[in-house]
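Below is one structure; the comments refer to it alone.
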Amino acid sequence: MRAPVRFSSVALAAVAVFAFTALYVSDRELARSPAMTTLRYGLWAMGAATLIALTLALVHERRLTRRVAERSTELERLSAELLRANRAKSEFLANVSHELRTPLNAIVGFVDLLRDGVYGELQPRQVGPVQRIEASALHLRHLVDQVLDLAKMTAGRMEVHTERLDLRPFVLEVATEVEPLANERGLALSMAIPASLPRLRTDPSHLRQVLVNLLGNAVKYTTEGGIVVRGRIMSGEDAVAPSLPPDGIWVALSVIDTGIGIAVDDRERIFDEFEQVNAGPRGDSVRRGTGLGLSISRRLARLLGGEITVESEVGRGSTFTVWLPVDPVDAKAALLRASGQVAAISEVATASSRRDP
Ligand code: ADP
């Protein structure tokens, strides 16, 4: 599409006035010689034709401007309508999810009581079905919670309550929660979090949700080998997330697995809502997942001022990294603490080498 030529009305009027003055002056000069009459008529005809052409161009330009203005107003209206519809959808989802949670909690609670024998010992034939009801109800509640979280985040209503967090004990506690799952599948779960990592100012419940999801996925998509949770301090320049500002300091918490891996083409789309690449077997609703975990985790990480990235190799495993911002003051304190530890270690080493010549 060619862009329309735009004329300014003022410039056009100025050109017309200038051209007609020049025409008038030349006409007076030419009027002295009768032989120039045809030329004079010709000049006036050209002048009139140019004026008509310029006027038509001006009218065309005006019409275009009006049409663009009308389209902009229409676009603004549509975008406002879209926003309203999106908000209504999020509110509807939030309300429905909230209403679903109450009866679901009752189901989970009563099944718990049934399984614990509060209403009498279960017959051996009943144990299996009760366990399946419990697993399905828990799965459904997890799904409802995820939809609720997503709706809240879309509506910008997810709250963040930050506090200072010591990462090592925190990650250990989260990993302990997931350990039984890993053990069940014969996977080794280990941690490499240096004590010298700086403290973070972050929302522990959101970070816990992200880590539980990443660890849960690592267990789900790994059949043999193990899972490592590694923590490092990184400068923005070393960060592999292009969206992170290069002048920041970050703690990079990685969940590394030796699982099935993710193909290059799928590495971005797995972060979209309801996207699944290797969903579990159809009948196994618990292992099938929802395709919402990574989408929520990435949004939560961004809400905490960070990001989630993934590196992977099909058949060899994946590394999901949560990047969390570190306050420069805390980073400096951690650095001092670390250098103090190094100094203390070297003092001990020197003292012992003095004792054993
Ligand atoms: P789901 O509930 O399906 O696990 P997620 O949003 O957590 O939903 O993950 C989306 C998809 O990303 C999964 O279906 C899976 O294909 C892929 N995925 C996530 N984590 C891993 C992993 N550690 N290894 C391999 N694939 C993974």
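No lab work stands behind these numbers, since they all come straight from the coordinates. Only a predicted model underlies this, so the values are computations on that prediction, with no experimental measurement involved. Here the Cβ is made from the backbone with ideal geometry for all residues, glycine too, and neighbour counts use every protein chain on show.
Using only helices, what value at 222 nm comes out for the chain when you add -39,500 (n - 2.57) per DSSP H run of length 4 or more and divide by the total residues, to the nearest 500 deg cm²/dmol? Can you show the working numbers first?
Values: 8 runs with 210 residues, N = 357.
Result for the chain, helices only: -21000 deg cm²/dmol.
Quick one: putting +1 on the C-beta of Lys and Arg, -1 on the C-beta of Asp and Glu, what dipole do you get for the chain around its Cα centre, in Debye to the nearest 20?
Magnitude of the dipole: close to 1400 debye.
Compute the relative contact order of the chain as a whole-number percentage, counting only Cα pairs closer than 8 Å that sit 6 or more residues apart in sequence.
Details: 421 pairs, mean separation 46.2, N = 357.
After rounding, I find 13 percent.
At q = 0.19, 0.20 Å⁻¹, what is the log10 ratio I(q)/I(0) for the range 169-336, with the Debye formula run over Cα points and no solvent?
So the normalised log intensities work out to -1.31, -1.44.
Placing +1 on the Cβ of each Lys and Arg and -1 on the Cβ of each Asp and Glu in the range 1-154, which of Ser79, Leu12, Trp44 has its Cα farthest towards the positive end of the resulting dipole?
Towards the positive end, the residue furthest out is Trp44.
For the range 1-111, what's the relative contact order in percent, using C-alpha pairs closer than 8 Å and at least 6 residues apart?
Dividing the mean separation by the residue count of the range 1-111 yields 29 percent.
Any chance you could list the semi-axes, whole Å, largest first, of the equivalent ellipsoid that the Cα gyration tensor gives for the range 182-277, using √(5λ)?
Working through the eigenvalues yields semi-axes of 24, 19, 13 Å.
Just tell me, in residue order, which DSSP H segments of the chain are both 20 angstrom or longer along the helix axis (alpha-carbon based) and at least -1.0 in mean Kyte-Doolittle hydropathy.
Membrane-span-like by this criterion, though nothing is claimed about a membrane: 9-30, 37-115, 124-154, 167-184, 204-220, 328-355.
Gln123 versus Asp327, label points 7 Å from Cα toward the beta carbon: distance in nm?
Going from the Gln123 label point to the Asp327 one covers 6.2 nm.
Arranged by the count of other C-beta atoms within 10 angstrom, fewest first, what order do Ile52, Ile308, Ile107 take? Write out the running numbers ahead of the final one.
Working: Ile52 10, Ile308 22, Ile107 16.
In order of increasing Cβ crowding within 10 Å: Ile52, Ile107, Ile308.
List the lysines whose alpha-carbon lies under 29 Å from that of Lys89, not counting same-chain residues fewer than 8 positions away?
Lys152
Let's test the formula: R0 of 30 Å, r as the Cβ-Cβ distance of Glu273 and Val68. What FRET efficiency results, to the nearest 0.05?
Efficiency for this residue pair is about 0.30.
Express in nm, to one decimal, how much length is gained between Leu303 and Arg77 on full extension, taking 0.36 nm for each residue of separation and deducting their alpha carbon distance. Don't skip to the end; give the middle numbers.
Working: separation 226, 0.36 × 226 = 81.36 nm, distance 2.92 nm.
Taking 0.36 nm per residue and subtracting the Cα distance, the gain is 78.4 nm.
Among His60, Ala195, Ala35, which residue has its Cα positioned farthest towards the positive end of the charge dipole of the chain, with +1 placed on the Cβ of Lys and Arg, -1 on the Cβ of Asp and Glu, and the dipole taken about the Cα centre?
Value: Ala35.
Using the basic label-point model (7 angstrom from Cα toward the beta carbon), what is the Val15 to Val264 distance in nanometres?
5.3 nm
Suppose the Debye formula is applied to equal point scatterers at every Cα of the range 14-84; what is log10 I(q)/I(0) at q = 0.28 Å⁻¹?
For the requested q values the scattering log ratios are -1.14.
With N residues in the chain, what two-decimal value do you get for its Cα radius of gyration over 2.2 N^0.38 Å?
Taking the Cα Rg and dividing by 2.2 N^0.38 Å, one obtains 1.72.
Which residues make up the longest stretch of the chain that has no GluC sites (Glu not before Pro) in a DSSP loop with at most 16 other Cβ atoms within 10 Å? Kindly include the intermediate steps, with their values, before the conclusion.
Details: sites that count: Glu121, Glu159, Glu224, Glu268, Glu273, Glu275.
Longest gap between qualifying sites, sites excluded: 1-120.
Could you check what % of the DSSP bridge pairs in the chain are antiparallel, to the nearest 5?
In the chain, DSSP labels about 85 percent of beta bridges as antiparallel.
Taking only Cα atoms of the range 1-121, what ratio of Rg to Rh do you get with Rh as the Kirkwood inverse-distance radius? Let's see the in-between values first.
Values: Rg = 37.9 Å, Rh = 22.0 Å.
With Rg and the Kirkwood Rh in hand, the quotient comes to 1.72.
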